[in-house]
Amino acid sequence: MTNAEIARVLERVAIRLEIDGANVFRVRAYKEGARIVAEHAEAMSAIANEPGALEAIKGIGKDLAARIRDLVATGRTDVDDELRAKIPDDVVDFTQLQGLGPKRVKTLFEELGIRDRAALEAAAKEGRLRDLKGFGEKVEQNVLKALATASQWAGRMLLAGAWPLAHALAERVAAVKGVEQVELAGSFRRRKETVGDVDVLACGGDPETVMEAFATHESVAEVLGRGDTKCSVRLKTGLQVDLRLVPRESFGAALMYFTGSKEHNIELRKLAIEKGWSLNEYGLTEGDRVIASATEAEVYAALGLAWIPPELREARGEIALAAKHALPRLLEREDLRADLHMHTTRSDGKHSIDEMVEAAKARGHEYVAITEHSKALAMANGFDAARVRQSAKEIAAARERHPGFPILHGLEVDILGDGELDLDDETLARLDWVIVSIHSRFDQAPEVATARVLKAIENPYVHAMGHPTGRLIGSREPVPFDVEQVTAAAARLGVAMEINASPDRLDLSDVHARIARANGCKFVIDTDAHATGQLDQLQFGVFQARRAGLTREDVLNALPYEEFLAAIRRRP
Ligand code: DGT
Ligand code: CA
Ligand code: CA
Ligand code: ZN
């Protein structure tokens, strides 16, 4: 088992323990253990047999170490087996639904005996949730909404979740003797925020050996089908992966076809037909004559088009731009010089200012902003005015320890329900970098939400809007404010829109960011990291930016520090 797989088991044990009413310390130990394993650099499987090696990791005690050894050795552990026999998978998944934490799920499970999604939906529709202790009519409605949202995403996985699995399988195939090319195609290559399945293409090598290497990878749970040119597997995480072996002379055409999107392919095929040709996964042809097939660039060129980056292949006008050779030069990870949204132990982060700064430097950043929460998020130790004054001293001290590396004193200030900000202007004026975010009242009517956000960004001390719509992929719909109106106002006011790189946020979405760009907004792409490892997630924000057609010029944290300071919103 990989660290991610072990972490997932521990995480689900923690949730089941909580539903089961176990001691809070035990629950916390498993939760912490899951996080530590997920973020640990060495593979658990590599060190499990070294006496004392697991126990030596901070946060892993004797009990957890034994569980991890079980998982490494057999893929199972008895505490998990026992809890699974008691509490079904669906019930664990309920805790991911907006408005249902382990406490409420425990009530549903114990009082109503709800064991699966259908039963939950039925109970909510029949009005049987509202009278439960700690529920009410609002929670009941939210459960119905959350179920609808979740079913829309059912069967899909976050790109970031599929990322290590897909790469591991591709590497395994690439290592087979004779294999010449391997590419991850489909929505994965288009860097869509979620993927239905992963499509791997390869050429070269002995088909039997290639398929065998793929089908026997340790992450595979089940082989769904296997032939000479195609093999489909389901991984232990539930993700389906298809491998196709294609002829080397038509690898480019196959890569284009299986990268999609389907809508993009259809437009391309129309273009080919207009020229009296045909286009499929084997090539661009005129009768028996092959016009182009070996590389994507050749096929696009033969159609009179510039090569189109996969992130743009969604039939959103990219073909017309490619015909005029006017595609945007999309942003790249290397263009970013800073991360301007991160938390430390001072609010709800896991690492200190120094640890975050060092980690940011190690990732090549030239400056950062430290942005704790404001007081409305009491559970996250949000800052009040006095705490901001003290924070200024802490940041000044940190600057002394990191000469030549600018640290902006920032804050992520809550937008209250009525559009007021959580802190007064005098306090905001002390900060170098003010992000405003919505962390409450996600269920307002569109007009109310629009007025709320407009009021918030009118405040002259605001520099950027953090995870603007508040959506959580698979569990929470965006706050329904009018994106056209808000982004037009933001552009006029000089308030940047964030593309939050956290894999389950990716907020603004590609579609919303396109609207914002068309309205003239500037952007920041930030991780919102709550731990050093999460600073690596910046790439997922870059992918989303590319899908929105953003260039370096659109993004404030692509600027060198001095230019960044000159470009952010002017204050009174
Ligand atoms: P997914 O897996 O739902 O996240 O999305 P995709 O885009 O990866 O879709 P998938 O896996 O069904 O197929 C991979 C690519 O193969 C797709 O992007 C385009 C191509 N493709 C599949 N079916 C068709 C089709 O019926 N017509 C055309 N033109 N292309 C197709
Ligand atoms: Ca796919
Ligand atoms: Ca597929
Ligand atoms: Zn944040």
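Roughly speaking, what is the centre-to-centre gap between region 494-543 and region 352-401 when only Cα atoms are used, to the nearest Å?
20
Once amide H atoms are built 1.01 Å from N in the peptide plane, which residues 5 or more positions from I525, or in another chain, come under 5 Å H to H?
Sorted by chain and number, the residues that satisfy this are I499, N557.
Which value, in debye to the nearest 20, gives the size of the charge dipole of the chain about its Cα centre, when Lys and Arg are +1 and Asp and Glu are -1 at the Cβ?
540
Keeping all protein chains in place and using 1.4 angstrom, which order do D482, D197 fall into by accessible surface area, from largest down?
D482, D197
To make sure I understand the rule: partners must be lysines, Cα under 20 Å from the Cα of K361, and not fewer than 8 residues away in the same chain. Which ones qualify?
K350
To the nearest 0.05, how large is the calculated FRET efficiency for D89 and T209 if R₀ is 25 Å and r is the Cβ-Cβ distance?
For R0 = 25 Å, the calculated efficiency reads 0.10.
Taking a cut-off of 17 Å between Cα atoms, list the aspartates and glutamates near K275, but don't count ones fewer than 8 places away on the same chain.
List returned: E267, E286, D288, E298.
Contour minus end-to-end for E249 and A566, with contour as 0.36 nm per residue of separation and end-to-end as the Cα-Cα distance?
108.9 nm
Given the DSSP H assignment, sum -39500 (n - 2.57) over each helix run of at least 4 residues in the chain and divide by its residue total; what's the result at 222 nm in deg cm²/dmol, nearest 500?
-12500 deg cm²/dmol
Kindly rank 539-547, 29-37, 293-301 from highest to lowest mean number of other beta carbons found within 10 Å of each residue.
For the peptides 539-547, 29-37, 293-301, the packing ranking is 539-547, 29-37, 293-301.
For the chain, which whole percent of the accessible surface, found with a 1.4 angstrom probe, sits on carbon and sulfur atoms?
50
Which listed residue (A221, L54, Q98) has the Cα farthest towards the positive end of the charge dipole for the chain, taking +1 on Lys and Arg C-beta and -1 on Asp and Glu C-beta about the Cα centre?
Toward the positive end, the furthest listed residue is Q98.
Give the accessible surface of region 1-87 per residue, rounded to a whole number of Å², with probe radius 1.4 Å and ligands, DNA and RNA excluded.
51
Distance between Cα centroids, region 104-156 to region 319-339: provide it in whole Å.
Here the answer is 44 Å between Cα centres.
Straight-line reach from K262: which aspartates and glutamates have Cα under 13 Å away, leaving out those fewer than 8 places along the same chain?
E281, E314
Could you give the nm distance between label points at L493 and K324, where each point is 7 Å from its Cα heading toward the beta carbon?
3.2
Tell me, in nm to one decimal, what length is gained between A386 and Q96 on full extension, where the rule is 0.36 nm per residue of separation less the Cα-Cα distance?
Additional length available on full extension: 100.9 nm.
Could you provide, to the nearest whole Å², the per residue accessible area of region 250-323 with probe 1.4 Å?
In whole numbers, region 250-323 has 44 Å² accessible per residue.
H167 accessible area, nearest 10 Å², 1.4 Å probe?
60
Pop out the Kirkwood hydrodynamic radius of the chain from its pairwise C-alpha distances, inverse of mean 1/r, in Å to one decimal.
After inverting the pairwise mean of 1/r, the radius is 26.0 Å.
In nm, to one decimal, how far is the K361 label point from the K275 one, both placed 7 Å along Cα→Cβ?
With each label placed 7 Å out from Cα toward Cβ, I get 5.4 nm.
The values are calculated or read from the model by the stated rules, or taken from the named source; none is laboratory data. From a predicted model like this one, the values you see are computed outputs, not experimental measurements. We place every Cβ from the backbone using ideal geometry, glycine too, and count neighbours over all the protein chains shown. Side chains are part of the model used for accessible areas, which takes the heavy atoms of the whole protein and leaves out ligands, DNA and RNA. Shrake-Rupley method; radii C 1.70, N 1.55, O 1.52, S 1.80 Å.
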